[in-house]
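First the structure, in the form of structure tokens, and then the observations on it.
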Amino acid sequence: MVVSYNRALIFLYQGKFEEAQKELDRAASVEPNNPLLRTFRALTMYYTRRVDDAADLLREVLTAHPNLNGVRPFLAMCLSRQGKHEEAMAELTGAVRQNAEVDPDIAYAVGSVYALEGNFDQAFEWLQRSVALGNGNKPCFESDPNLKSVRGDARFAELMKKITR
């Protein structure tokens, strides 16, 4: 299950959503209700424009596991795309921010929400934190549609230079 989960994550970062889905299906045959697998299945849905389905699945995960604060930014991304901006921001709770302060993936997700919401100062604060914590996934930064709005900002180019180093 762990191997399939990690392979799915790599495919997700590469934008190979069909391959990611296959790996998630393989892992789900072992642990069908694993909340992390379900979360990454929802992310696959999100990035293939099935935002409503992704939001529904993430709500199910959070109903069953309300303390999985690292999942909340993903729901916030869905809510932002659905035009539910206040609900999206409400998902970025103090506990989420606390986790994001020490986890590069959660910091990246929080930065993505702020980018979607047009709050570029906060987006860069969290994206810079993500890089400082070790996120060196430059292709993801350069291709993630969530970050489209910030790529023209000079701070984005500076951030990419930090990853190159």
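Every number in this text was worked out from the coordinates using simple rules, so none of it is lab data. What you see is a predicted model; the values in this text were computed from it and never measured. Here the Cβ positions follow ideal geometry from the backbone for every residue, glycine too, while neighbour counts run over all protein chains shown.
Quote the Stokes-Einstein diffusion coefficient, in whole µm² s⁻¹, for the chain, based on the Kirkwood radius over alpha carbon pairs, a temperature of 37 °C and a viscosity of 0.692 mPa s.
Translational D for this selection: 207 µm²/s.
Taking 7 Å along the Cα-to-C-beta vector as the label spot, tell me the residue 158-residue 48 distance in nanometres, rounded to one decimal.
Inter-label distance under the simple model: 3.9 nm.
Using Cα pairs under 8 angstrom and six or more residues apart, how large is the relative contact order of the range 1-68, in percent?
So the answer I get is 26 percent.
Net charge around residue 117, counting only other residues with Cβ within less than 14 Å of its Cβ (Lys, Arg = +1; Asp, Glu = -1)?
-2
I want to check the label-to-label distance for residue 22 and residue 3. Put each point 7 Å from Cα in the C-beta direction and report it in nm to one decimal.
Simple spin-label model gives 1.5 nm for this pair.
Could you state the angle between the C-alpha long axis of helix 120-132 and the longest principal axis of the C-alpha atoms of the chain, as a value from 0 to 90 degrees rounded to the nearest 10?
It works out to around 70 degrees.
So for the chain, averaging the separation of alpha carbon pairs under 8 Å that are six or more residues apart and normalising by length, what relative contact order in percent results?
Result for the chain is 14 percent.
Summing Lys, Arg as +1 and Asp, Glu as -1, what charge do residues with Cβ under 12 Å from the Cβ of residue 145 carry, residue 145 excluded?
Spelling it out: positives minus negatives among the neighbours equals +2.
Under 19 Å from a label point 7 Å along Cα→Cβ of residue 10: give me every residue in the range 95-136 with its amide N that close.
Zone members listed by number: 105, 135-136.
What is the local net charge at residue 88, summed over the other residues whose Cβ is closer than 11 Å to its Cβ (Lys, Arg +1; Asp, Glu -1)?
Counting the neighbours of residue 88, the net charge comes to -1.
Work out the charge dipole of the chain with +1 on the Cβ of Lys and Arg and -1 on the Cβ of Asp and Glu about the Cα centre, then indicate which of 164, 62, 107 is farthest towards its positive end.
Positive-most Cα among the choices belongs to 164.
So if each residue of separation counts as 0.36 nm, and I subtract the Cα-Cα distance between residue 101 and residue 30, what length gain in nm does that give?
In short, 22.3 nm is gained.
Find the lysine pairs in the chain meeting two conditions, Cα atoms under 18 Å apart and a separation of 8 or more places or different chains, and report how many there are.
Lysine pair count for the chain: 5.
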